[in-house]
Amino acid sequence: MNISTIRKTIGVILCIEAAFMLPSLALAVADGDAEAAHGFAAAIAAVLIVGLPCGLIRSRDRPLGARDGFVTVALAWIIISLFGAVPFYVSGVIPSISGAVFETVSGFSTTGATIIDDVEAAPRAILLWRSITNWIGGMGVLVFLLAIAPVAREGGSMFLLRAEFPGPMAAKLVPRMQKSAKLLYEIYIVMTLAQIILLLLGGLPIFDSVNISLSTVSTGGFCVRNDSMASYGAYAQNVTLVFMTLCSMSFSLFYCAVAREFLRIRRSRELRTFILVVLGVALLMGIDTASKFSSVGRGVHHTLFQVISIISTTCYVSVDASFWSPFVWAMLTVLMITGPMSGSTGGGMKLSRVMILGKSTYRAIARTVTPNSVHLIHLDGEIVEEDTVSAVGSFAVAYFMAVILTGLVLSLDGLPIGDGMLAGISSLSNVGYGIDSNTFTMGVSNLNILSKAVLCFDMFLGRLEIFPMLILFAPDTWKK
């Protein structure tokens, strides 16, 4: 275990977190909000007291292995979430430590579930920090660190990216790892700025535009209004719809578009599956709810918005959640589980995993019928390695086991097993869509500390795709 490099990396990440808190501190000072300013000042001081010594310690020149990469990513996300909770607690916006930690974990994991009952009454600096945690978590803090500083050798950098980047097959966009990370963040920043500009052109206030954009491109879903996106006009909703769609796609496709590698885009079976799933579910939803809308245009708009919002795991809403029928809710729950494309900022299992699971099931049936036949699994014209197929199967088993266990634990808090499992799916898929079947909010304010801790763990499991978090609890991880 390369302890010195892990410690140094986490120290640098904490310093980066302190830098990301500065805009919120500046806004609190500009608004004359002494309590919020005190909260951010205390948080920045605490982060630097711990982060600077760790970041300045000279590390041994040893490469990071796979185990080191997983441990670094898992510990980094836990630690930044604990320190990120300080502004919520010290400012008094969230009076309980467990609630403050839940809010921060929800932000960094891009789940978007909130414990704040009246978002519009919260200080603007706090709301900005919530959105910033979404934005940081969307692409990943380790990917950001790789983009700005070579904290590990090239091989070790790949292990860091593999532990944090979503999807079953993390791959470089270009030969050098640091350049790949830079390209990812360049695309991410350009998309964020583009949405901010488009929302400003539509007449939205700059504060709303910035917060919506930070939470949209990260598919996090934090918003500055109690009704999410429902009270904004059609223009703002349509702009948000476009960017939720884009961020549901693999960022490697945008690189291919810039590099004019259009053949790779055309060969993407996952992209075609994504389009077919969105259009198919939207059509079924439209048929089911056609009589509830005043016009076909409004029906198409709200149906597409909700489908993209859920499959992207952003979970914005454009109409009241009670508007949808049980059949629609069932389809949306399935979309929560599948999630968007791998390599996007969304959560869920990812469509590529679902496709591999489907092909693997078909292969098992085919082998039963013709035992001596050879059946290889292909994706985008390439053979999927057997290790990847096995890992996908293990991921699915771990995912559904976590859902069942979450339902059991939350039942101790008085929740029906169905609501508890729905909360587990919502947390593991980083959606933030709720316990109460009539709302799109998690509704965790009244849960006890154990339930909140389990949901926080689920959110980490989902964002880091299960295995990096579970590795922390494996005894062999800590052996020399």
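Just a few scattered comments:
- Here the peptides 352-358, 452-458, 386-392 are ranked by packing, the mean other Cβ count within 10 Å, and the order with the highest first is 452-458, 352-358, 386-392.
- Ranked packing of 224-232, 33-41, most packed first, by mean Cβ within 10 Å: 33-41, 224-232
- Residues whose amide H lies under 5 Å from that of LEU379, counting only those 5 or more places away or on a different chain, are VAL384; hydrogens are built 1.01 Å from N in the peptide plane.
- In this view, the solvent-accessible surface of GLU261, computed with a 1.4 Å probe and all protein chains in place, comes to about 60 Å².
- Electrostatic bookkeeping for ILE97 treats Lys and Arg as +1 and Asp and Glu as -1; over the other residues with beta carbon under 12 Å from its beta carbon, the sum is 0.
- Note on SER96 and GLU35: the model spin-label points, each 7 Å out from Cα along the C-beta direction, lie 1.8 nm apart.
- Scanning residues 5 or more positions from LYS350 or on other chains, those with amide H under 5 Å from its amide H are GLY339, with H placed 1.01 Å from N in the peptide plane.
- Farthest toward positive dipole pole in the range 199-344 [+1 Lys/Arg, -1 Asp/Glu at C-beta], among VAL258, GLY343, PHE293: VAL258
- Spacing of the two label points (7 Å from each Cα toward its C-beta) at LEU405 and LEU201, in nm: 4.9 nm
- Around the amide H of SER312, modelled in the peptide plane, lies no amide H under 5 Å away from a residue 5 or more places distant or on another chain.
- Residue order by solvent-accessible surface for GLU270, GLU186 is GLU186, GLU270, largest first, with ligands and nucleic acids left out and a 1.4 Å probe.
- Whole-Hz couplings from phi, Karplus 6.51/-1.76/1.60, listed for the range 297-306; x for Gly and Pro: x, 5, x, 4, 4, 5, 5, 4, 4, 6
- Spin-label model, VAL369/ASP118: points 7 Å from Cα along the beta carbon direction are separated by 6.3 nm.
- The computed Cα extents along the principal axes in Å for the structure shown corresponds, within [x] 76, 75, 48; [y] 67, 62, 52; [z] 86, 61, 43, to [y].
- Accessible-area order (highest first, 1.4 angstrom probe) of the listed residues CYS256, CYS15: CYS15, CYS256
- Dipole in debye (nearest 20) - the chain, about Cα centre, beta carbon charges: Lys, Arg +1; Asp, Glu -1: 1680 debye
- Solvent-accessible area per residue for the chain (1.4 angstrom probe, square angstrom): 41 Å²
- Only one residue of ALA30, ALA366, LEU200 has its Cα farthest out toward the positive end of the dipole of the chain, where Lys and Arg carry +1 and Asp and Glu -1 on Cβ, and that residue is ALA366.
- Surface accessible to a 1.4 Å probe, ARG272 within the full protein complex, Å²: 120 Å²
- Each residue was assigned an accessible area with a 1.4 Å probe, and for MET401 the value is about 110 Å².
- Backbone HN-Hα couplings from phi across the range 308-325 [Karplus 6.51/-1.76/1.60, Hz, Gly and Pro as x]: 5, 4, 7, 5, 7, 6, 6, 6, 6, 10, 10, 9, 4, 4, 5, 5, 8, 7
- Computed helical MRE - 222 nm, the chain, DSSP H runs ≥ 4 contributing -39500 (n - 2.57), nearest 500: -21000 deg cm²/dmol
- Peptides 22-29, 311-318 ranked from most to least packed give 311-318, 22-29, packing being the mean of other C-beta atoms within 10 angstrom over each peptide's residues.
- Accessible-area composition of the range 1-61, carbon plus sulfur, in percent [1.4 Å probe]: 69 percent
- Label reach from ALA26 (point 7 Å along Cα→C-beta): in the range 115-129, amide nitrogens under 16 Å belong to 125-126, 128-129.
The values are calculated or read from the model by the stated rules, or taken from the named source; none is laboratory data. Quick caveat, the model's predicted, so the values are computed rather than measured. Every residue, glycine among them, receives a Cβ derived from its backbone with ideal geometry; neighbour counts consider all protein chains shown. Surface areas here come from the heavy atoms of the whole protein model, side chains and all, with no ligands, DNA or RNA. Shrake-Rupley method; radii C 1.70, N 1.55, O 1.52, S 1.80 Å.
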